[in-house]
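The values are calculated or read from the model by the stated rules, or taken from the named source; none is laboratory data. Model, not experiment: these values are computed from the prediction. Using ideal geometry, Cβ is built from the backbone for each residue, glycine included, and neighbour counts are taken over all protein chains shown.
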Amino acid sequence: MTTTDRRDGLPEAEGALAELAARMRGAVAVDAGLVGIYSGGAWLAERLAKILPGEHPVGYIDVSFYRDDYSKKGLRANVATTTLPFEVGGSRIVLVDDVLYTGRSVRAAINELFDYGRPDSIELAVLVDRGGRELPIEPTYVGARVSVARNLSIVLNRHLDGRLELTVEAERGAQGG
Amino acid sequence: MRKVANPQLNDKGELTHLLTLEGLPGEVIGRILDTAVPFVSIAERDVKKVPLLRGKTVFNLFFENSTRTRTTFEIAAKRLSADVINLNIGVSSTSKGETLLDTIDNLVAMNADMFVVRHGESGAPHLIARHLSAAGRPGIHVINAGDGRHQHPTQGLLDLFTIRHYKRDFGGLTVAIVGDLLHSRVARSLIHGLTTLGTPEVRAIGPQTLLPAAVESLGVHVYHDMAQGLRGADVIVMLRLQSERMKGALLPSPGEYFKHYGLTQDKLALAKPDAIVMHPGPMNRGVEIDSAVADGKHSVILPQVTFGIAVRMAVMSMLAGT
């Protein structure tokens, strides 16, 4: 259950997170690694690791080196370091991202994971699914489904107190996964 | 005032060639160092490769021998998934009379995407970059891997990366560069980088005969007495005594040199207790550096080599993305 009564049509991020966690509870393997895609997915993976039962190692992935728009857009500034503090080969992994759109970031993240080893399984958890897929990729767990105009980006922000909030911005160009 | 065109930057201000650290804006240097950070960990993975330069062809053009620099560029390009061709031109075309730019044109006709150039003449990489620009080939990039006595920008960048890795920040640092600055393009690149990033105290230590006449104009304090110059240093950069570049008798003997300018444990003790010792390699043990120091706990000489690959990957992927 999420509220969608805001003027921009977006759900409250905290409500969507609670919904996402409810769907994952009991379905996700108790030892699954939660791998957040920078930066929004990283915050969500940390939160989910605290909420979900079991011991979930948290990893971080920056897909900049695997993006398919590098030859058009170049390398963006401030690429973060991918950190996977567990053996990827033979592990069960849940990729976590804030907004699922074209599916291209997820494709890049899956490619990167396989350069670390062969996981037993990869699932996908997203805070919001806005549709608009350009690749055959579907999420395993979804917090909320939304519909916004194509020229707008949905951005997850984290306040100083840790509270998460979704906003829409005019297309920034560099992102969109 | 009209902006002076910097041949390294495109009209959007992005780095498109890396020719020199002189005049390169601090934010561009900072961005290269930042970008190198995530490349360091790629060496620790199962698959030590990322697909950024897949399908690109990188030519290592070495008109002067340098096994180490060529190898690190080759590894960097391969870890970016590029195809790498090594050409030791000193022993091929030019000996048959082909000019530098004819060589370049031939390689462009083979669909080269990037040239890594080491040349004995200062300015050779600039010449190639200008030639490519005049030929309307903005998609082909040039990296200077050392030109004459001029610059060796990726070595300067890896030195800066190493210093930042261990010391976090350049503000407040005292950096002492010791030895043969006269023949050292490494020193020249590093000094430009250090001053651009706001290092308050850069020192040049060496005999009069091995310091360039105008080194003080680069913002460097000169010391002929090593003990004085090392006092309170956070970073000590030892330079190789480039005996193969020495023409005329600039030095009495290697033994005499070591006595005055070789880094020993005793001299190192004059620097800060947490000082780091760097050397661009290859080292002459017992000439500019004592083995006990080279292998000691202050030495970061081998991490420099590892970081050098990450820095070169960062430069290549930034250039190829423009």
Scan A:ALA42, A:ALA49 and give me the residue that is assigned to a helix (DSSP H, G or I), within 14 Å of chain B (Cβ to nearest Cβ), more than 22 Å from B:GLY321 (Cβ to Cβ) and of a type in the set (A, V, I, L, M, F, W, C).
-> A:ALA42
Which one of A:ARG118, A:ARG150 is away from chain B (no Cβ under 14 Å), out of contact with any strand residue (DSSP E or B) (no Cβ under 7 Å at 6 or more places or on another chain) and not in a helix (DSSP H, G or I)?
-> A:ARG150
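If you go through segment B:309-318 one residue at a time, do you hit one that is of a type in the set (S, T, N, Q) and away from chain A (no Cβ under 14 Å)?
Within segment B:309-318, not a single residue is of a type in the set (S, T, N, Q) and away from chain A (no Cβ under 14 Å).
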Exclusive hit being surrounded by fewer than 21 Cβ atoms within 10 Å (Cβ to Cβ), touching a residue at least 60 places away in the same chain (Cβ under 8 Å) and among the polar types (S, T, N, Q), set B:GLN208, B:GLN265, B:GLN242, B:GLN228 | B:GLN242
Output yes when any residue across segment A:84-102 is part of a helix (DSSP H, G or I) and either of a type in the set (Lys, Arg) or farther than 22 Å from B:VAL40 by Cα (or both), and no when none is.
-> no
Give the residues of segment B:191-205 that are closer than 13 Å to B:GLU22 by Cα and either in contact (Cβ under 8 Å) with a residue 60 or more places away in the chain or not assigned by TED's automatic domain parsing to the domain that holds B:LEU251 (or both), sorted by residue number.
-> B:HIS192, B:GLY193, B:THR196, B:LEU197
If you check B:GLY120 against the conditions, is it over 26 Å from B:ALA310 (Cβ atoms) and free of Cβ contacts under 8 Å to residues at least 24 places away in the same chain?
-> no
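Quick one: which of B:THR264, B:THR322 is hydroxyl-bearing (Ser, Thr, Tyr) and within 14 Å of chain A (Cβ to nearest Cβ)?
One residue alone meets the criteria, B:THR322.
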Confirm whether A:LEU10 is away from chain B (no Cβ under 14 Å) and either more than 18 Å from A:THR140 (Cβ to Cβ) or in contact with a Ser or Thr (Cβ under 7 Å, 6 or more places away or on another chain) (or both).
-> yes
In segment B:48-77, residues that are assigned to a loop (DSSP other than H, G, I, E, B), over 22 Å from the mean Cα position of the chain (by Cα) and more than 10 Å from every other protein chain (Cβ to nearest Cβ) total 0
Given (1) more than 18 Å from B:MET114 (Cβ to Cβ); (2) at pLDDT 95 or above; (3) under 16 Å from the mean Cα position of the chain (by Cα), index of the condition B:ARG31 fails = (3)
Of (1) crowded, with 17+ Cβ neighbours inside 10 Å; (2) hydrophobic (A, V, I, L, M, F, W, C); (3) within 14 Å of chain B (Cβ to nearest Cβ), A:VAL96 satisfies all except one. Which?
-> (3)
Just need a number here: residues in segment B:155-169 that are buried (at least 21 other Cβ atoms within 10 Å of the Cβ) and not β-branched (Val, Ile, Thr).
-> 7
Does B:LEU107 meet the test of being outside any loop (DSSP other than H, G, I, E, B) and touching a residue at least 40 places away in the same chain (Cβ under 8 Å)?
-> yes
Selection from segment B:29-47 of residues more than 10 Å from every other protein chain (Cβ to nearest Cβ) and surrounded by 19 or more Cβ atoms within 10 Å (Cβ to Cβ) yields B:ILE29, B:ILE32, B:LEU33
Name the residues in segment B:121-159 that are in contact with a strand residue (DSSP E or B) (Cβ under 9 Å, 6 or more places away or on another chain), of a type outside the set (A, V, I, L, M, F, W, C), closer than 22 Å to B:VAL84 by Cα and assigned to a loop (DSSP other than H, G, I, E, B), would you?
-> B:HIS152
